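The values are calculated or read from the model by the stated rules, or taken from the named source; none is laboratory data. These numbers were taken from a predicted model, which means no experiment stands behind them. Please note: Cβ atoms are built from the backbone with ideal geometry, for glycine as well, and neighbour counts cover all protein chains shown.
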Amino acid sequence: MDKEYLEILTVDDYVELKKELNKKFEENLHLLDISGYLEILEIMLKYNKNLKLSLHHFKHFINEKSSKNLDENIKKTLKVNMNASVKDDFKTIEQHDFNEKNALIFYDIIEKKITITSNFLKVLDIPEKKYTFYSLIKELYKKIDGIKPFFMKLKNEIYNDTEKIEIFYFKNGKKLEIVYKIYEFNDYRGLLFNIKILNDYYPILNYDELTGVLKRDIILKLIEDYSKDYRNKNMAVVLINLNSFRNVNNLFGFKMGDYVLKKISERIKFTIRKGDILGRISGDEFVLLLNNYNSIVNLRMIAERLLEKISEPIILLNKSYKVTASLGIAILEENKKNINHIMEYANLALEKAKIKHGNSYQFYEDIYHKEILRELKIDRELKEAIEEDQFIIYYQPLFNSQSQKITGFEALVRWKHPEKGIVSPMEFIPIAEKNGDIIPLGNLILKKAINEMKDILEAYNLKLSINFSAKQFDSPKFTHNINDIIGETRIKSKYIELEITETAVMENLDMNIQKMKELKNLGYSLAIDDFGTGYSSLSYLRKFPVNKLKIDRSFIQNLLNDEELQKIIKYIVKIAEALKLEVVMEGIEKEEEINVLKELGCTTLQGYYLCRPQPLDILKEKIKGFL
């Protein structure tokens, strides 16, 4: 299109208008419906310093509904003189000048062109009369209200549910394919339509079709624009990642996965404040732009409210399912007003939040850079370690409190690093869980422990306890992997006890209880580890199809001096007995603790005071008299 016909409103011009716009729309410019958007345009036109409506006269317009053989007739028309009437099957259409222009072009707030041609008025049967710019847009909006959106293909067709409109554009007599741009053209004939209408264009190009929130490119552009504006001092970015979301797709299918994403996005939109902006940047990840927060305390309240709302149970196929989230929060600082920085910082904070498990949030701190570099190094070395089997298993016995005989063993992994020596699981297990290596590592540990302990377990009829993380337990192949290893090692399932934490069980209670029932029916023993540190109540115990409760050391730290705590433990033991559950007290470090726990009815004890975790070749000599 000739340059003299078009001057646009640039982003810089838009910033100049922002003060007046903000008065009316309260920093909510990017969340308006079409009527609000039109009001913005009206204000922009009032300034009219750089915005001009382009004038482009069409000598002839072609009614696409008037010919069965449109292509051939357009070719005939090309032979007709510019000023001649269109004959044959074409209905002659007189030129209409709307006073202001026939083609209307402007830039929207995210720099996307929108064109409405006067020929398009014919397509929608809009009355041909003189319009103001504003009234013409309003007429278009009124006319297309209720019509399903059009979707333009990158060829030459537009579809909706009721009709097909073929699109032709001719230049020098040659038929070209339509794409999203404004064409320069020489002859003004054959053009039926060359860009989306306002009502469809904005949502289809800018909003995520599934969730209705802003698309990745758009939300990142907005964050960049806001970060450049010196007035946006109290601004923060929150990355929202849905934990283990792939399990929803694996267990329920992609249709249900889409339903969950829509539901979660609705919950987030319901929770955030007016003026905050939400976008989707990947399958299970959203980004939230928070404006004008009052304080860090205010940000914490927003984060906690988001986590609470997201984690409300969702009913899927008549079952209650709980989706948890991790949040990474980065605050805009004067010396870090850069989209790459603030998104990088939010992502680093998100990675830290993921390590915490479950519903959690984390603010970015400068120290994370060093920590991330350390974690990346461990991640790389861990993959090599699994490949080369650099792991050894330590075993800690469980003892009967009365007879002092060993009743079983717990397998605990250690990494024998070629340079650092023995590495604690606290160093590498969280990273293995985050990067997915926990699955192959868990399989390796189980197989290795069974092969080492098989003879002792079978000879003395003892059980071997193996810890499994929430990520392992949530895996759709969890039961399959366990059965494969049991079959390969040729050991009976009755010798194996699977431990899972109370928190992990509670995440998706109904589904996890069903999985536990399946495992129990296959002959495995089940134990709830770290009982008392999570958020379940004793009323849930009757629902858990388990054989054993393991009470964490942190729960009994003040055992000797706290009579109320002793009463609670006694109460738990009695309930467990009624439910035919064995109770194990972990972390025994003093002889006095053993005596008190005996009086309270605890039958099984475990801890450093009784026996430290050790490799089997060392442990064998120490346990001979206790088997």
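Details
- Any hit, segment 369-384, residues being surrounded by 13 or more Cβ atoms within 10 Å (Cβ to Cβ) and closer than 30 Å to Lys550 by Cα: yes
- Residue in segment 565-585 that is surrounded by the most Cβ atoms within 10 Å (Cβ to Cβ), counting only those that are farther than 13 Å from Phe555 by Cα and in contact with a strand residue (DSSP E or B) (Cβ under 7 Å, 6 or more places away or on another chain): Val583
- Where Ser326 falls short, out of the listed (1) modelled with pLDDT under 90; (2) touching a helix residue (DSSP H, G or I) at 6+ places or on another chain (Cβ under 8 Å); (3) of a type in the set (Gly, Ala, Ser): (1)
- Lone qualifier among Gln396, Gln404 - being in the same structural domain as Leu610 (by TED's automatic domain parsing), in a loop (DSSP other than H, G, I, E, B), out of contact with any Ser or Thr (no Cβ under 8 Å at 6 or more places or on another chain) and touching a residue at least 60 places away in the same chain (Cβ under 8 Å): Gln404
- For segment 465-515, a residue qualifies if it is part of a helix (DSSP H, G or I) and aliphatic (A, V, I, L, M), and the qualifying residues are Ala470, Ile482, Ile485, Ile486, Ala504, Val505, Met506, Leu509, Met511, Ile513.
- For segment 300-331, a residue qualifies if it is part of a loop (DSSP other than H, G, I, E, B) and without any contact (Cβ under 8 Å) to a residue 24 or more places away in the chain, and the qualifying residues are Pro313, Asn318.
- Residues of segment 435-465 classified as more than 24 Å from Leu627 (Cα to Cα), surrounded by fewer than 20 Cβ atoms within 10 Å (Cβ to Cβ) and of a type outside the set (A, V, I, L, M, F, W, C), total: 5
- Pairs, first free of Cβ contacts under 8 Å to residues at least 40 places away in the same chain in segment 513-524, second in a helix (DSSP H, G or I) and surrounded by 14 or more Cβ atoms within 10 Å (Cβ to Cβ), C-beta under 6 Å, six or more apart: Gly523/Ser493
Every residue, every condition in (1) touching a residue at least 40 places away in the same chain (Cβ under 8 Å); (2) part of a loop (DSSP other than H, G, I, E, B), yes or no:
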| site | (1), (2) |
| --- | --- |
| Lys580 | no, yes |
| Ile594 | yes, no |
| Lys598 | yes, no |
| Cys602 | yes, yes |
